[in-house]
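Notes to accompany the following structure.
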Amino acid sequence: MTKTSRRIALAGLSAGLMAMTALTGAAYAQSINLTYLIPSGADGVAVAEELVKSFEAANPDINIDIETRPGGSEGDNLVKTRLATSSMADIFRYNSGSLFQAINPAQFLVDLTNEPWQADVQASFKQVVTAPDGTVRGAPMGAAMGGGIYYNKAIYEELGLSIPKTWAEFMANNEKIKAAGKVAVIQTYGDTWTSQLFVLADYYNVSAKDPSFASRYTAGEAKFATDEAALRGFEKLQEAHDAGLFNEDFGAAKYDDGIRMVAAGEGAHYPMLTFATTAIAASYPDMLDNVGFFAQPGDDASLNGLTVWMPDGIYIPTTTSNLDAAKKFVAFVASVEGCEAQTRAGGASGPYLVNGCTLPDDVPPAVSDMLPYFAEGGQNGPALEFLSPIKGPALEQITVEVGSGIRPAADGAALYDEDVRKQAQQLGLPGW
């Protein structure tokens, strides 16, 4: 090769490299960047990361950055603020049910009613992400959950305890556990939202005695302080505190401490939603088989059943500038592939509400313990917040007070009724 031909070849190579660089730059310029806002917590982050990883692999032109926010009322306020100030992420995960209604979905969220994937979303979920105008604004994110009691199986076996079907049996178990020098009931008021479980998970027992409670409550006719069945949740919280069943650091301990304690046998019971199974799988996989689950007992064994929480929704704010890409991600979440990604990230915490999604055969004990409540002849019913738009925002502060011995159960229930009245008036509900 002559010097001239070598120079031409080098020039051609240089031009080719320049062209490749230009093409690469064009590809990067065409890529879309989305933001995805989720509640903080190891379990939720792990699931979000797996969903994003799987989605990006199938959609290399779309990049998704995960942002986290606090839980509880602080997180609720942040979501409302970001929606109201047009600063919300392109996609976000948030509650379904009453808290969904409180963020003015018809104004702030994209209408997803006619998306093709909605055909595979179960109707029971659609009703809890339906705006007042009848439009569906979200897709299911996660599995259906039970609200009840996680228990340490080794402690139960060691002390020869049986799964309680009544509150009296539960308290008898607790006394035996306490007598053995162990923590009977774990509480984690450092994360205030966790204090609500004894009240909220008791709703199946309320509705079993009074199926009309939700409609009468929404109409302003039924109150927690004056309805004997509804008051029991507050009374159970007070009874557990007054019996000295809690861990010494219950006021400062956090949710992550709670799941560790029940998995490691540092405590026997942890009232919680079953999404915590995913967190235990992520943080303490070697201890996952140590943890079982049962419904919060009522006062009548023949009416024993499970209070069920619908999963969170995943939503798109109307302010997104990347609507088509955001819709692609939501469609992926609401697919069999999306369910499989969630299961890979943290195992299965309960049944999915997308047709075609299945659970693996080797589900953890806490999940298999929940499934009989969903089987034919099983007893389950939605939590109150999925049957009524009213859930007072101060409940978690009130239950901390009742569960700390600061406020009696009856006073806490009456204070919550006042909190509920204010919210019902803000929602413009008749009868308030």
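The values are calculated or read from the model by the stated rules, or taken from the named source; none is laboratory data. Nothing here was measured: the structure is a model prediction, and the numbers come from that model. No Cβ is skipped: glycine too gets one built from the backbone with ideal geometry, and neighbour counts run over all protein chains shown. Note: areas computed on protein heavy atoms with side chains; ligands, DNA, RNA excluded. Shrake-Rupley method; radii C 1.70, N 1.55, O 1.52, S 1.80 Å.
At a Förster distance of 45 Å, what's the computed FRET efficiency of Asn59 paired with Trp432, Cβ-Cβ distance as r, to 0.05?
Numbers: r = 47 Å, r/R0 = 1.04.
Computed FRET efficiency for Asn59 and Trp432 comes out at 0.45.
How about Lys223: which lysines have a C-alpha closer than 23 Å to its C-alpha, ignoring those fewer than 8 places off in the same chain?
Lys209, Lys236, Lys391, Lys422
Under the rule a/c < 1.5 gives rounded, and otherwise a/b versus b/c splits prolate from oblate, where does region 254-329 land using the Cα gyration tensor?
It is oblate, given that a/c is not under 1.5 and a/b is not larger than b/c.
For volume of the Cα convex hull per residue in Å³, pick the label among (i) 134; (ii) 174; (iii) 145 that corresponds to the value derived from the coordinates.
For volume of the Cα convex hull per residue in Å³, the calculated option is (ii).
Select from region 226-281 those GluC sites (Glu not before Pro) which occupy a DSSP coil region and have at most 11 other Cβ atoms within 10 Å, ordered by residue number.
Glu248
Can you tell me the order of 294-307, 207-220 when each peptide is scored by its average per-residue count of other Cβ atoms within 10 angstrom, highest first? Working shown, then result.
Numbers: 294-307: 19.6, 207-220: 17.1.
Those peptides, ordered most packed to least, come out 294-307, 207-220.
Mind pulling the angle between the C-alpha long axis of helix 336-346 and the longest principal axis of the chain? Nearest 10 degrees, somewhere in 0 to 90.
The helix 336-346 is inclined about 70 degrees to the chain.
Please give the length that would be gained between Thr166 and Ser87 if that part of the chain were fully extended, namely 0.36 nm times their separation in residues minus their C-alpha to C-alpha distance (nm, one decimal). Write out the running numbers ahead of the final one.
Working: separation 79, 0.36 × 79 = 28.44 nm, distance 4.80 nm.
Answer, rounded to one decimal: 23.6 nm.
Quick check: the angle from helix 409-426's long axis to the longest principal axis of the chain, C-alpha only, nearest 10 degrees?
Tilt of helix 409-426: around 40 degrees.
Using only Cα atoms, tell me the angle between helix 3-30 and the longest principal axis of the chain; keep it within 0 to 90° and round to the nearest 10.
Roughly 30 degrees between the two axes.
Compare the peptides 73-86, 317-330 by average per-residue count of other Cβ atoms within 10 angstrom and give them in order, highest first.
Per-residue mean Cβ counts within 10 Å order the peptides as 317-330, 73-86.
Could you work out the relative contact order of the chain, using alpha carbon pairs under 8 angstrom and six or more residues apart, expressed as a whole percent?
25 percent.
If you take the beta carbon distance between Lys178 and Ser368 as r and set R0 to 30 Å, what does 1/(1 + (r/R0)^6) give as a FRET efficiency, to the nearest 0.05?
E between Lys178 and Ser368, to the nearest 0.05, is 0.60.
Sort region 318-389 into rounded, prolate or oblate with this rule: let a ≥ b ≥ c be the square roots of the eigenvalues of the Cα gyration tensor; rounded if a/c is under 1.5, and if a/c is not under 1.5, prolate when a/b is larger than b/c, oblate otherwise.
Verdict is oblate for region 318-389.
Using only protein heavy atoms and a 1.4 Å probe, report how much of Glu56 is accessible, in Å² to the nearest 10.
So the heavy atoms of Glu56 present about 60 Å² to solvent.
In deg cm²/dmol, rounded to 500, what helix-only [θ] at 222 nm does the chain give when every DSSP H run of at least 4 residues adds -39500 (n - 2.57) and the total is split over its residues?
Numbers: 19 runs with 195 residues, N = 432.
Taken over the chain, the calculation gives -13500 deg cm²/dmol.
What do you get for GluC sites (Glu not before Pro) in region 339-432 restricted to DSSP loop and a cutoff of at most 12 other Cβ within 10 Å of the site's Cβ?
Sparse-neighbourhood loop GluC sites (Glu not before Pro): Glu376.
If DNA, RNA and ligands are ignored and the probe is 1.4 Å, what is the ranking of His269, His241 by accessible area, most exposed first?
Of His269, His241, the descending order of accessible area is His241, His269.
How many nm separate the modelled label positions at Thr318 and Ser215, each set 7 Å beyond the Cα in the direction of the Cβ?
3.3
Classify region 185-322: rounded, prolate or oblate, from the alpha-carbon gyration tensor (a ≥ b ≥ c, eigenvalue square roots; a/c under 1.5 rounded; otherwise prolate if a/b is larger than b/c)?
Oblate is the answer for region 185-322, as a/c is 1.5 or above yet b/c matches or exceeds a/b.
If you add up the charges near Ala253, with Lys and Arg at +1 and Asp and Glu at -1, over every other residue whose beta carbon is less than 10 angstrom from its beta carbon, what do you get?
Around Ala253, the surrounding residues sum to -3.
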